[in-house]
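The values are calculated or read from the model by the stated rules, or taken from the named source; none is laboratory data. Bear in mind the structure is a predicted one, so any value in this text is a computation, not a measurement. In this analysis, Cβ positions are derived from the backbone assuming ideal geometry, glycine residues included, and neighbour counts consider all displayed protein chains.
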Amino acid sequence: MNERDWQMMTVLEECGSLTQAAQRLYISQPALSQALQRLEQEIGQPLFDRRHSGLSLTPAGRKVTSACWKMLKLKRELENEAEIPDSQLKGRLVLGITNYLGAMILPDLLQAYQQRFPNMEIVIQEAASDDLEQMIRTMRVDIGILHAPLRSVDFTMIPLTTHPFVVAMDQASAAAFGSQSILDPSQCRNQEWILLYPQQRIRQISDRIFQVCGFTPKIRMLTRSFETARNLAAAGIGATFLPQDYLHFFGSRQGLQCFVLPDHLKAQWTLVAGYASGWSLSYPAQILVQMLKTTAAQLEGNG
């Protein structure tokens with residue numbers, strides 16, 4: 001196997017389609033099909049099941065693809081570790097991040113990073129939290145920027161900063177709770193809720209809060225967008241949980257009343273940089289994490 005084979009296998013896994021993979025690899029579909037057949041003959045086993053719905057990895061294919069991701073990562077690290085000045089260093093870093101964090105962090109982070117490493121190629125992969133965890137484990141990304149999972153994980157995490165959650169609702173609904181600034185969600189058992197989808201970290205934390213408070217929420221509707229949840233709450237459609245940092249950096253409080261949550265709920269999330277266990281970060285990746293810590297601290301200060 002060679003580097004082209006590594007790239008072919010990883011792209012085929014990502015696309016699940018010969019047509020889409022051929023477009024990504026800038027070759028014809030027949031040429032890609034022939035290359036895959038050659039590799040399967042070399043390995044001695046089928047690597048993909050061909051179905052009308054697309055390609056899916058066989059057990060042998062999963063092992064081969066896992067090795068291909070590792071080889072590509074090693075190649076990037078070897079290229080990145082050359083003893084040359086930062087301004088001349090060339091290489092490629094694949095950075096995974098959620099949409100929400102990308103909007104908040106990447107502009108300042110990448111501006112500073114590319115001033116120091118103008119010749120480094122940065123590839124951004126956006127995904128939901130659960131998908132991003134899998135991308136970190138399988139080394140599809142060099143570094144993942146996400147909020148820490150609620151369960152134990154099999155990848156390395158570097159804590160960056162922590163932010164609490166608030167309960168948000170329209171001012172008319174909030175009037176029922178008087179002048180209190182701290183609100184236990186158990187006081188809102190009859191309230192309808194606007195929640196995000198289960199694959200999103202904020203929903204996972206929201207579900208844990210409801211569990212600790214001992215009730216099942218009345219879900220009015222689901223959305224993938226913090227902004228939609230905020231606007232619906234402000235319009236009186238239902239209550240929602242929002243990260244306090246979101247309100248600081250993106251959200252207007254117009255028409256919205258926010259309550260602090262009691263300490264015992266531990267309603268907060270921790271921003272982390274994650275990478276595959278058993279692997280050390282390359283020099284450019286280490287610098288990226290250092291800059292990420294600085295960016296997170298600056299954003300927290302601005303909030």
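For segment 15-31, a tally of residues being assigned to a helix (DSSP H, G or I) and within 14 Å of Arg50 (Cβ to Cβ) returns 5.
Summed over segment 224-274, residues that are without any contact (Cβ under 8 Å) to a residue 60 or more places away in the chain, basic (Lys, Arg) and more than 18 Å from Asp184 (Cβ to Cβ) total 2. Kindly indicate whether any position in segment 93-102 is surrounded by fewer than 15 Cβ atoms within 10 Å (Cβ to Cβ) and either over 16 Å from Ala273 (Cα atoms) or not polar (S, T, N, Q) (or both). No, segment 93-102 contains no residue that is surrounded by fewer than 15 Cβ atoms within 10 Å (Cβ to Cβ) and either over 16 Å from Ala273 (Cα atoms) or not polar (S, T, N, Q) (or both).
Residue by residue, here is whether (1) surrounded by 18 or more Cβ atoms within 10 Å (Cβ to Cβ); (2) modelled with pLDDT under 90; (3) closer than 16 Å to His147 by Cβ holds:
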residue: Phe165; (1), (2), (3): yes, no, yes
residue: Ala168; (1), (2), (3): yes, no, no
residue: Gly178; (1), (2), (3): no, yes, no
residue: Ser181; (1), (2), (3): no, no, no
residue: Pro185; (1), (2), (3): yes, no, no
residue: Trp193; (1), (2), (3): yes, no, no
residue: Tyr197; (1), (2), (3): no, no, yes
residue: Arg201; (1), (2), (3): yes, yes, yes
residue: Val212; (1), (2), (3): no, no, no
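So, in segment 45-61, of the ones that are in contact with a helix residue (DSSP H, G or I) (Cβ under 8 Å, 6 or more places away or on another chain) and over 14 Å from Leu12 (Cα atoms), which residue ends up modelled with the lowest pLDDT? If we take residues in segment 45-61 being in contact with a helix residue (DSSP H, G or I) (Cβ under 8 Å, 6 or more places away or on another chain) and over 14 Å from Leu12 (Cα atoms), then Gln45 is modelled with the lowest pLDDT. The set of residues from segment 132-159 being buried (at least 17 other Cβ atoms within 10 Å of the Cβ), out of contact with any strand residue (DSSP E or B) (no Cβ under 6 Å at 6 or more places or on another chain) and part of a helix (DSSP H, G or I) comprises just one member, Glu133. Looking only at segment 2-13, residues that are in contact with a helix residue (DSSP H, G or I) (Cβ under 8 Å, 6 or more places away or on another chain) and surrounded by fewer than 17 Cβ atoms within 10 Å (Cβ to Cβ) come to 3 in all.
Exactly one of these conditions fails for Ala175: (1) in a strand (DSSP E or B); (2) more than 27 Å from Ser280 (Cβ to Cβ); (3) of a type in the set (Gly, Ala, Ser). Give me its number. Exception for Ala175: condition (1). Remark: pairs (first residue in segment 199-223, under 17 Å from Cys188 (Cα atoms); second residue among the β-branched types (Val, Ile, Thr) and assigned to a strand (DSSP E or B); Cβ separation under 9 Å; 6+ apart in sequence or on different chains) = Ser206/Thr240; Ile219/Ile194; Arg220/Ile194; Met221/Ile194.
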